[in-house]
Amino acid sequence: MKRNLWIFSPLAKPSFYLESEGKQWYFRWGNFDWILLIAAIFLMVLGSMTILSTVLSPDVKIAESQLFISHLFNIAISLGFFLIFLRLDYRIFKHFSVLMYLSAILLLIFVLVLGHTTRGSMRWIDLGFFRFQPSEMAKILLTCSLASYFSSLKEKINDFRYILLSLVLTLIPTILVIAEPDLGTGMVLIAIWIGMLILSGARLRYLALFFLGGLLTLPLVWFFILVPYQKDRILAFLNPKTDPLGSGYAVIQSIIAVGSGKLLGRGWGRGTQSHLQFLPERSTDFIFASLAEELGFLGISILLLSYGFFLIRILKIVKNAADSFGSFIGIGFFMMFIFQIVVNIGMNLGIMPITGIPLPLVSYGGTSLATCFIALGILESIALHQSTSSGMKIDSEEI
């Protein structure tokens, strides 16, 4: 079977074709998921408005007053990444999956050895003019690597050896991330693997076995992996009032901020908890609480509705992907987004421990925002390349 692959380039016409037995299958901009992009931009605008509000306080420090300018710069960079990955044929990542996986491991090792330490965590590589988190990029690299692995298994999917190997491949970068320490991002990597395992159709008893194994390792995680401040956060989650001025302070202030928003909120720029700086990390980890205080239940409802549209469109891309590789990438990104959304909102409401996971597309953070838009670019590439005729499925292994 003859297959000629044309890869998008910035100067190329907005179309894609694949010749198969004399037929042409066209992939045009009609497949572009505008709802997904609009939802993402709307969420980013909500976050930008909240970040701008937090820096307008007269008591804000000079360094913090530049936060919004930095955020605009991050948006420009992130949109640039989106356009680059949108114009790529996502299937080329399958040919570089091993290199992508090794790159993730090397970056995570590098940051542990020579990384920039902030607040006791070595999560950043400082290039002087720019700092980035390898753990954020590991989400993209691991997703593409695991998608390549799972899409190549086919009938071997129920061979326990191959399932176990996928877990080992996931645990290596996860352990490196947790060692930074960054437990939250480590959990995101595990969530990506779980999503792909479920999509692969692996036997349920394997899932149950891994879940039981995870429960049995919890005592080891508590005594040998978690650092003191992480243990304090878990204890504060169980009872914040035991240390209201210490480990429980952030949870208590977040709950107060969310509750004070009531139905319509205090109004944009009028959040007392955030503007008087009672609420810590009001532009990053606790930006949901800042937004809830100023826009109230109505604002939260709009935020959640936007996330609902956003996630549903990703699932549609997973369903309509031209090949299993695209479906696995899509479900990996779906798990990445939904896990972060649930955990971040949960910790803002005091129903989950604080893990430092940002709210996707809303929280301030250059690498986090860039990671989200790289994922969106790849998702839109998957949407663009789905077949428009007869529902044809293309195996990426044959290209």
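Every number in this text was worked out from the coordinates using simple rules, so none of it is lab data. Remember, it's a predicted structure, so these values are computed and weren't measured experimentally. Reconstructed Cβ throughout: ideal geometry from the backbone, glycine too, with neighbour counts over all protein chains shown.
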Quiz item: Based on the mean of other beta carbon atoms within 10 Å per residue, what is the order of 132-143, 213-224, 272-283, 239-250, most packed first?
Solution: 132-143, 272-283, 239-250, 213-224
Practice problem: For Ile84 and Leu164, compute 0.36 nm times the residue count separating them, minus their Cα-Cα distance, and round to one decimal in nm. | Solution: 25.3 nm
Quiz prompt | Formal net charge of residues neighbouring Glu293 (Cβ-Cβ distance under 10 Å; K, R +1; D, E -1) | solution = +3
Quiz item: Gain in length, Ala179 to Leu263, computed as 0.36 nm per residue apart minus the alpha-carbon separation, to one decimal in nm?
Solution: 26.1 nm
Quiz item: Mind checking the dipole of the stretch 15-398: about its Cα centre, +1 per Lys or Arg Cβ, -1 per Asp or Glu Cβ, Debye to the nearest 20?
Solution: 460 debye
Quiz item: Measuring from label point to label point, each 7 Å out along Cα→Cβ, what is the Ile225 to Arg270 span in nm?
Solution: 4.6 nm
Exercise. Provide the FRET efficiency to the nearest 0.05 for the Lys316-Ala208 pair, computing r from the beta carbons and using R0 = 30 Å.
Key: 0.55
Self-check item: Extension gain from Lys156 to Asp126, taking 0.36 nm per residue of separation minus the Cα-Cα distance
Solution: 6.5 nm
